[in-house]
Each structure stands twice: as C-alpha cells, then as structure tokens.
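Peer 1: Next up is a structure, given as structure tokens.
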Amino acid sequence: VTRYERGDGWLYFARPLVEHPHIAAMEAYLIPALGVQVNRWAHHPGSAYAWYDFYIGVMAFEVGETLWTSRDFYLDVIVVEGRSATVHDTDEFLAAQAEGLITSAEAAYTLTTAHALLAKGNCPDEDT
C-alpha cells in the first residue's frame, strides 16, 4: 500500500498491482455504511478493460480500531461516469450462492445494495 487514509466512516488506500496483465494500480474507498468498495483502476495502455471509470464491489465489513476486514459478495456495479451503471459478475454471484458461500440473507442484501447503487447512479439529481 502506497497510501491510506481513514475518515469518518470510510477507508481509502492506493497501491500498485505488480504483474497484473491489465491493471497497473488501484485506488479504493471502503464505505461500510453503503456496503461497498469503490475501486478506480489505472489500466495499462491498450487494456481492453479501460472502458469504465469505477468498479464497485458489494461487500460486508467489520471495522475495528486498527483492522478492517471485508467480505466480497461477488456482485459488482461498473460505472461509466456520466453515462451508465450496470451490474457485473452475476455469474460469479449465482455460483457463490449455489455453492453455499453466500446465504439467502446475504444474497438479498447484495441484490438490494446493487439495486440501490443503480438507482443512485442513474438519478439525474445528485442529492437524491
């Protein structure tokens, strides 16, 4: 980690991704109250994945004084700033649920959180 900062209800970190084929570095905000980790990646030149601005993972967090832990629920929202927000990795989410890695309650939480992100992302009024 090259940088981290803890705010009131969030944690930010930035780090390089060594030897990743598409991503050179990442920045992330962990926001437990919203149940998300918002990622912004710096892609290698020519990467096929450079078409989106934010990759938001639906997660659960345990926040301590010196340690934060997160649990990924495999469903993500991809944001193209000013244009769209779409659900991504539904196949991973369904496979995790089928394998018993996600409970029914966690699946409901994940879907509710993703839909709330979509509603917010497609709202023309930023204060809504």
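The values are calculated or read from the model by the stated rules, or taken from the named source; none is laboratory data. Because the structure is predicted, anything quoted here is derived from the model rather than measured. Quick reminder, even Gly has a Cβ in these numbers, built from the backbone with ideal geometry, and neighbours come from all protein chains shown. What goes into the accessible areas is simple: the full protein's heavy atoms, side chains included, and nothing from ligands, DNA or RNA. Shrake-Rupley method; radii C 1.70, N 1.55, O 1.52, S 1.80 Å.
Peer 1: If I filter the stretch 68-82 for residues that are on the phi < 0 side of the Ramachandran plot and more than 18 Å from the chain's Cα centre (by Cα), do I get at least one hit?
Peer 2: No, because not a single residue in the stretch 68-82 is on the phi < 0 side of the Ramachandran plot and more than 18 Å from the chain's Cα centre (by Cα).
Peer 1: So is Leu117 in contact (Cβ under 8 Å) with a residue 12 or more places away in the chain, touching a strand residue (DSSP E or B) at 6+ places or on another chain (Cβ under 6 Å) and either over 19 Å from Ala14 (Cα atoms) or of a type outside the set (Lys, Arg) (or both) or not?
Peer 2: yes
Peer 1: Mind telling me which of the residues Ala95, Ala60, Ala105, Ala114 ends up being modelled with pLDDT of 90 or more and in contact with a helix residue (DSSP H, G or I) (Cβ under 8 Å, 6 or more places away or on another chain)?
Peer 2: Ala60
Peer 1: Keeping to the stretch 15-72, report how many residues are of a type in the set (Gly, Ala, Ser), free of Cβ contacts under 8 Å to residues at least 40 places away in the same chain and open to solvent by less than 80 Å² (accessible area, probe 1.4 Å).
Peer 2: Qualifying residue count, the stretch 15-72: 9.
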